[in-house]
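Read through the structure below, which is laid out as structure tokens, and then see the notes.
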């Protein structure tokens, strides 16, 4: 867990514009915003740089600072926590481009251990295959928010040959078609969101590789 004082400092830098580009800021400036001493603010800056949350460059007179993806991620995790506190029901819209997978979705969704859980917990038997969406740019931050959101737990199981991993699932819709967004539980960094439904989504929605799709994911405690 990130120290609350560092989160506060990251938030103040973000409010100064450090998520969008380099900003001209001194330890004195930050100290004023944090209502602390310049020495303490300087120490905070060093800690944030050491943890990889900010990037520093030399300006003409003062240092230039910008939040890294890791720093932005800390704030997004904090944002996700507050969303869970104050929003009992919320939709997260995630855009991605349709891409062909490796055909693994059909194999996994043919497994009885998964199918029975999807039927029991999501209310439908999924078509044996996933709609894979490649998520890029700023939309990737939404995947981080999604991972920090309570999910419908699809438990791991074993058959005679191997162990199948746990999966996180969230109820969702794509073009008003009921479905579910899923992510492997073990995945921490991914650019692919998988979508399952009782229908073959590519055919029903006339989708092809490269088409942009927006998924409306329901964020609520299952």
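Read-outs: derived from the displayed coordinates by stated rules, not from any lab. Computed from a predicted structure; not experimentally measured. So basically every Cβ, Gly included, is an ideal-geometry build from the backbone, and we count neighbours across all protein chains shown.
Once the Kirkwood radius over Cα pairs is known for the chain, the Stokes-Einstein relation at 25 °C and 0.890 mPa s delivers a diffusion coefficient of 125 µm²/s.
Multiplying the residue separation of residue 134 and residue 216 by 0.36 nm and subtracting their alpha-carbon distance yields 28.0 nm.
With the simple model of a label 7 Å out from the Cα in the direction of the Cβ, residue 164 to residue 56 spans 5.1 nm. Oblate is the label for region 127-213, because a/c, from the alpha-carbon gyration tensor with a ≥ b ≥ c as root eigenvalues, is 1.5 or above and a/b does not exceed b/c.
Sorting the segments 159-168, 91-100 by their mean number of nearby beta carbons within 10 angstrom, highest to lowest, gives 91-100, 159-168. Annotation: extensible slack from residue 5 through residue 110 equals 33.0 nm (criterion: 0.36 nm per residue apart, minus Cα-Cα distance). Looking at the square roots a ≥ b ≥ c of the eigenvalues of the Cα gyration tensor of region 35-137, which shape do they give, rounded for a/c under 1.5, prolate if a/b is larger than b/c, or oblate? Prolate, since a/c reaches 1.5 and a/b exceeds b/c. Exposure proxy ranking for 68, 130, 190, based on other Cβ atoms within 10 angstrom of each Cβ and starting from the fewest, stands as 190, 68, 130.
Residues 27, 4, 42 in ascending order of nearby Cβ atoms (within 10 Å, fewest first): 4, 42, 27.
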